[in-house]
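Below is one structure, written out as structure tokens; the observations come after it.
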Amino acid sequence: MKKTALSLLAFALHITCQAQNFDLIPLGIYGGEQEDNLSAYLVSAPKDNAFLCLDAGTINSGIRKAIQLKSLTGLEETVLKDQIKGYFISHGHLDHLSGMIINSPADSKKDIFAMAPVVQILQNHYFITDTWINFADQGQKPMLGKYHYNELQQGIEIPVQKTSFYITGYELSHVNPYKSSAALVRKDDHYLLYLGDTGADRIEKSDRLDNLWNTAAPLVKKKQLNTILIEVSFPNSQPEHLLFGHLTPNLLIEELTRLKEKTGQKNLEGLTIVVTHRKPTGDNPEIIKQELLKNNPLKVNYIFPEQGKKVSLP
């Protein structure tokens, strides 16, 4: 009887550990060149269609692809207007926000979540008459008032309206002193961490990733943070002085090793790493994938997303 009870308990714990807490639908996965497949990730609670869009390099083409693959349901217009509830924009580079800009005339009222430097870039360089027009409710006149800026303060959590999520922003370094950012997304007591473009602390001469790992480590140890979306833009052959604020497989391992020092090896094993922002030049995406899979000393679980294909995340 005791043996049976212990077996049932072990099975229950296994099921709990494997519980799916987030659905992820990549609208775009690359870090440049392919304008119909640039960084943008819809995240929702499982089987929910209230999405937060993490970066917005490609929107419409990604929605069409996701509908074709049955990851999304409904018309393209319905997904854009009704199912996407808000955007987190990590930094001001076009491959992370051009889809939102281009689709703004067809969009509905919703929130933009961004750190102060990103809000300023949107106000001063994109949502202005010379380049587009101001679809937001702050900045240059005339203001169409479609988008509302929610300025994220470092380490302070705020709700994402019309979803079950809360979001916290953290600064990253993307060719120091230029700032990118990360979003820690919470649903109940479970978290997902999304990083925009970032260089390694050693190369950026920064401590921003170390500070982020200090926040993430306790959540990893408690099994509340099971997934990190992080960029690997170049293969290991890219010279460090030509990285321009990006990571290689070796540099990702270098940074995850720093996280391991705060969590312990056992707590890091099995952590899901969604590899984003691979540069699509030549065979780079496949080279990056193979370099990560062949050298995995930390025993993390790598996922290489495909445009439009839904991924269930722990």
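The values are calculated or read from the model by the stated rules, or taken from the named source; none is laboratory data. Since we're looking at a predicted model, the values are computed, not measured. Positions of Cβ are generated from backbone atoms using ideal geometry, with glycine treated the same way; all protein chains shown enter the neighbour counts.
General remarks:
- Hits in the stretch 209-266 (condition: closer than 30 Å to GLU33 by Cβ, in contact with a helix residue (DSSP H, G or I) (Cβ under 6 Å, 6 or more places away or on another chain) and either in contact (Cβ under 8 Å) with a residue 60 or more places away in the chain or among the small types (Gly, Ala, Ser) (or both)): VAL232
- Checked against the criterion of being charged (D, E, K, R), modelled with pLDDT of 95 or more and touching a helix residue (DSSP H, G or I) at 6+ places or on another chain (Cβ under 6 Å), the candidates LYS187, LYS146, LYS179, LYS162 yield just one match: LYS179.
- Note on the stretch 254-311: residues that are among the small types (Gly, Ala, Ser) and either in contact with a Cys (Cβ under 8 Å, 6 or more places away or on another chain) or within 22 Å of TYR191 (Cα to Cα) (or both) total 2.
- Single match in THR257, THR168 (criterion: among the β-branched types (Val, Ile, Thr), surrounded by fewer than 21 Cβ atoms within 10 Å (Cβ to Cβ), at pLDDT 95 or above and part of a strand (DSSP E or B)): THR168
- Remark: pairs (first residue in the stretch 297-314, touching a residue at least 12 places away in the same chain (Cβ under 8 Å); second residue of a type in the set (Lys, Arg) and not in a strand (DSSP E or B); Cβ separation under 7 Å; 6+ apart in sequence or on different chains) = LEU298/LYS260; PHE304/LYS289; GLN307/LYS65; GLY308/LYS65.
- Of all residues in the stretch 85-133, those satisfying the criterion of being among the aromatic types (Phe, Trp, Tyr) and either buried (at least 19 other Cβ atoms within 10 Å of the Cβ) or under 23 Å from SER173 (Cα atoms) (or both) are TYR87, PHE88, PHE113, TYR126, PHE127.
- The set of residues in the stretch 197-233 being assigned to a loop (DSSP other than H, G, I, E, B), of a type outside the set (Val, Ile, Thr) and closer than 19 Å to LEU271 by Cα consists of LYS222, LYS223, GLN224.
- Residue check for LYS85: in contact with a Phe, Trp or Tyr (Cβ under 8 Å, 6 or more places away or on another chain), farther than 20 Å from LEU38 by Cα, among the charged types (D, E, K, R) and at pLDDT 95 or above: no
- Count of the stretch 67-96 residues which are in contact with a strand residue (DSSP E or B) (Cβ under 8 Å, 6 or more places away or on another chain), hydrophobic (A, V, I, L, M, F, W, C) and part of a loop (DSSP other than H, G, I, E, B): 2
- Test: ILE288 is within 26 Å of ILE25 (Cβ to Cβ), part of a helix (DSSP H, G or I), modelled with pLDDT of 95 or more and not acidic (Asp, Glu): yes
- Given (1) in a loop (DSSP other than H, G, I, E, B); (2) within 16 Å of LYS179 (Cβ to Cβ), number of the condition GLU151 does not satisfy: (1)
- Long-range neighbours under 6 Å by Cβ, at least six apart or interchain, first residue within 16 Å of GLY57 (Cβ to Cβ) and in contact (Cβ under 8 Å) with a residue 24 or more places away in the chain within the stretch 114-128, second of a type in the set (A, V, I, L, M) and assigned to a loop (DSSP other than H, G, I, E, B): ALA114/ILE89; VAL118/ILE89
- Test: residue in the stretch 58-67 that is on the phi > 0 side of the Ramachandran plot, in contact with a helix residue (DSSP H, G or I) (Cβ under 9 Å, 6 or more places away or on another chain) and buried (at least 24 other Cβ atoms within 10 Å of the Cβ): no
- Any chance ILE273 is under 28 Å from SER61 (Cα atoms), part of a helix (DSSP H, G or I), at pLDDT 95 or above and among the β-branched types (Val, Ile, Thr): no
- The set of residues from the stretch 261-278 being more than 30 Å from ASP95 (Cα to Cα) and surrounded by 20 or more Cβ atoms within 10 Å (Cβ to Cβ) comprises THR263, LEU268.
- Selection count where residues are under 20 Å from the mean Cα position of the chain (by Cα), crowded, with 16+ Cβ neighbours inside 10 Å and either over 14 Å from HIS241 (Cα atoms) or polar (S, T, N, Q) (or both), scope the stretch 200-210: 2
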